[in-house]
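*Asks:* Right, I'll just put the structure down here and ask away after.
The values are calculated or read from the model by the stated rules, or taken from the named source; none is laboratory data. Note that the structure is a prediction, hence the values are computed from the model and not measured. For neighbour counting, all protein chains shown are included, and Cβ atoms are generated from backbone atoms with ideal geometry for every residue, glycine included. The accessibility values were calculated without ligands, DNA or RNA, using every heavy atom of the protein model including side chains. Shrake-Rupley method; radii C 1.70, N 1.55, O 1.52, S 1.80 Å.
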Amino acid sequence: MSAERKPPGSADYGNLYELLQSHFPAERAHAFIELEDGRRYSYGDLEDTSGRYARLLGDLGVVKGDRVAVQVEKSPEAIFLYLACLRAGAIYLPLNPAYTKAEVGYFLGDAEPKVVVCRPESKGEIGEIAGDAHVMTLGTDGGGSLPERAHDLTPIEGCVAAEADDVAAFLYTSGTTGRSKGAMLTHRNLGSNALALHEAWGFGPDDVLLHALPLFHTHGLFVATHCVLLNGTAMLFLPKFDAEAVIRLLPRARVMMGVPTFYTRLLAHPGFDAEVCRHMRLFISGSAPLLEETFHEFKARTGHIILERYGMTETGMNTSNPLNGERIAGTVGFPLPGVEVRVCDDAGRPLATDEIGVLEVRGPNVFTGYWRMPEKTAAEIRPDGFFITGDVSMIDARGYVHIVGRAKDLIICGGFNVYPKEVELCIDRIEGVIESAVVGVPHPDFGEAVVAVIKRTPECRDLTAESVIAACKAELANFKVPKQAHFVDELPRNAMGKVQKNELRERYASD
Ligand code: AMP
């Protein structure tokens, strides 16, 4: 251990695995993952399996800094594989199982992994695009060539030494326009954020987490999994979100992390009530804006006040509503310990309280840059270290951060700026509206025109575009009022529950 390194328990320790391991329960037979089908994995299993997988990676020639690309379904073994990569000093690169062969081809070409792990059924397809990489398979039932080949190997001892600034993972941004960028996250980025969240959310010895999130995204892979590992307690593991299963498991859990869609789906289920949540300590929401209506309905139904936080692939988590203070609907709370935030104009000049601009973030959580894209990195990280998030925001007089929209979602109509969130909030207040999305579409005169897409309740099928427009006119400046309103059964969302505005822009481009 080099002299400047801090002891285990600090994000500067070096390999993130050592930090996590220093929090494992002394009794390694303690449960780490429990599934509904009765499968149970202890902390001892975690150490053994990740140690054997790390041995196999080494045998395949993986050395520190090599990439391991993983496109598999959610399973406990996928978590062990992530931990094996940390232990081997490799860079873990998770890929959404929904990506097509062409999309995966781009990621593999860009990242040049040494090993690709895929679903058994995709082996042929991935083999065609994997170049020189070793292709291994991993199934949801714990089968596949990776576990089979690792079965009789001797686990490695400990882990490969890493510096805090070594890259631990690449997460490709979920951006739906332009080329996806590989955000390089270091051991320090992940470790510091894990420690901050574990403390901010008051994790303690009784906290069992209900894990229903995917494992290819920062939320399920890092936020949820690291909090459990730092806590040395168990998670109840669902292959995917399913309201029925969540309702069955909540009485055994204490903490749940979800995207807003989880909460709206639970509220839509007649079996979801205060009794089901009786043992729960905390519900956390993030990855997309939580509607104020959902926040209030959840409180009325269960007595629980959802804690909303805000983060992104490049930074991990930045802000959170307080555990012990007032959690305010429509805000994402205060910066986490060690994280600085400011709202700036386009030139990077800080704005005053209540002024709207783009949120910038600095701290040990902020990534080191985009893989092989120095220009993009330089364009998004200012010389003083602040990362330009692209989220249009405002900080109020009490210090709560409000996310108003994405900079690229900003609509400029006849030279006037329209923040979609403001129009959406106005529409969401109309009787019979469940939720709405507001986008800009090309307009010959104004440059862009405001268009609203609305999901309404079955009882309010007679709600018309004209009445929505009239209601907006009563509250908003004329340039903000939608020129058109469309009704849909569902708003298009990606796997993390984010409304896909690009899709809506394309769909209504010829309006
Ligand atoms: P991703 O990199 O896929 O995690 O997406 C990050 C983006 O999700 C952020 O830049 C925000 O635009 C959005 N986001 C995450 N959490 C929230 C939240 N609590 N409220 C509003 N937007 C959010």
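*Asks:* Is it true that residue 121 is open to solvent by 60 Å² or more (accessible area, probe 1.4 Å), in the same structural domain as residue 74 (by TED's automatic domain parsing), touching an Asp or Glu at 6+ places or on another chain (Cβ under 9 Å) and more than 26 Å from residue 44 (Cα to Cα)?
*Replies:* When the stated conditions are applied, residue 121 does not pass them.
*Asks:* Looking at 379, 352, can you tell me which residue is away from the ligand (no atom under 15 Å from the Cβ), part of a loop (DSSP other than H, G, I, E, B) and not β-branched (Val, Ile, Thr)?
*Replies:* Only one candidate passes the filter, namely 352.
*Asks:* Assuming residue 196 fulfils every condition listed in (1) more than 18 Å from the chain's Cα centre (by Cα); (2) in contact (Cβ under 8 Å) with a residue 60 or more places away in the chain apart from one, which condition is it?
*Replies:* Condition not satisfied by residue 196: (1).
*Asks:* Just to be sure I understand the filter: pairs with C-beta atoms under 8 Å, separated by 6 or more residues or on different chains, first member in the stretch 259-274 and more than 25 Å from residue 218 (Cβ to Cβ), second member exposed (fewer than 14 other Cβ atoms within 10 Å of the Cβ). Which pairs pass?
*Replies:* 269/244; 271/244; 274/303
*Asks:* Scan the stretch 406-454 for residues that are closer than 20 Å to residue 475 by Cβ and among the basic types (Lys, Arg) and report the count.
*Replies:* 2
*Asks:* Consider residue 288 against the criteria (1) more than 21 Å from residue 240 (Cα to Cα); (2) within 15 Å of the ligand (Cβ to nearest atom): it satisfies all of them except one. Which criterion is unmet?
*Replies:* (1) is the only condition that residue 288 fails.
*Asks:* Taking the stretch 255-271 as the region of interest, how many residues are in a helix (DSSP H, G or I), away from the ligand (no atom under 11 Å from the Cβ) and surrounded by 18 or more Cβ atoms within 10 Å (Cβ to Cβ)?
*Replies:* Summing the residues that are in a helix (DSSP H, G or I), away from the ligand (no atom under 11 Å from the Cβ) and surrounded by 18 or more Cβ atoms within 10 Å (Cβ to Cβ) in the stretch 255-271 gives 5.
*Asks:* Checking the conditions here, which among 88, 98, 102 is of a type in the set (A, V, I, L, M, F, W, C) and open to solvent by less than 20 Å² (accessible area, probe 1.4 Å)?
*Replies:* Criteria check complete, one pass: 88.
*Asks:* Among the listed residues 115, 72, identify the single one that is touching a residue at least 24 places away in the same chain (Cβ under 8 Å) and open to solvent by less than 10 Å² (accessible area, probe 1.4 Å).
*Replies:* 115
*Asks:* Identify the residue in the stretch 323-345 that is of a type in the set (Gly, Ala, Ser) and farther than 17 Å from residue 359 by Cβ and, among all such residues, is farthest from the ligand (Cβ to nearest atom).
*Replies:* 325
*Asks:* Let me ask you something else. Please find, among 294, 315, the residue that is in the same structural domain as residue 363 (by TED's automatic domain parsing), open to solvent by less than 20 Å² (accessible area, probe 1.4 Å), within 16 Å of the ligand (Cβ to nearest atom) and touching a residue at least 40 places away in the same chain (Cβ under 8 Å).
*Replies:* 315
*Asks:* Sticking with this structure for a sec: Can you list residue pairs whose Cβ atoms sit under 8 Å apart, with the first residue in the stretch 383-401 being on the phi < 0 side of the Ramachandran plot and more than 16 Å from the ligand (Cβ to nearest atom) and the second being at pLDDT 95 or above and assigned to a strand (DSSP E or B)? Count only pairs 6 or more apart in sequence or on different chains.
*Replies:* From residues that are on the phi < 0 side of the Ramachandran plot and more than 16 Å from the ligand (Cβ to nearest atom), the pairs are 384/362.
*Asks:* Something else now. Given the residues 448, 424, which is the only one that is within 16 Å of the ligand (Cβ to nearest atom) and either in contact with a strand residue (DSSP E or B) (Cβ under 8 Å, 6 or more places away or on another chain) or not assigned by TED's automatic domain parsing to the domain that holds residue 492 (or both)?
*Replies:* One residue alone meets the criteria, 424.
*Asks:* Name every residue in the stretch 164-182 that is modelled with pLDDT of 95 or more and open to solvent by 20 Å² or more (accessible area, probe 1.4 Å), in order of residue number.
*Replies:* 165, 166, 167
*Asks:* Spot the failing condition for residue 408; the list is (1) open to solvent by less than 50 Å² (accessible area, probe 1.4 Å); (2) touching a residue at least 24 places away in the same chain (Cβ under 8 Å); (3) closer than 30 Å to residue 167 by Cα, and only one is missed.
*Replies:* So residue 408 meets the others, but not (1).
*Asks:* Output the residue which, of all residues in the stretch 460-490 that are over 23 Å from residue 413 (Cα atoms) and in contact (Cβ under 8 Å) with a residue 24 or more places away in the chain, is nearest to the ligand (Cβ to nearest atom).
*Replies:* 490
*Asks:* Additional query: Test of understanding: among 185, 221, which residue is open to solvent by less than 10 Å² (accessible area, probe 1.4 Å), within 16 Å of the ligand (Cβ to nearest atom) and in contact with a helix residue (DSSP H, G or I) (Cβ under 7 Å, 6 or more places away or on another chain)?
*Replies:* It is 221.
Every residue, every condition in (1) at pLDDT below 95; (2) on the phi > 0 side of the Ramachandran plot; (3) open to solvent by less than 10 Å² (accessible area, probe 1.4 Å), yes or no:
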residue: 323; (1), (2), (3): no, no, no
residue: 347; (1), (2), (3): yes, no, no
residue: 354; (1), (2), (3): no, yes, no
residue: 368; (1), (2), (3): no, no, no
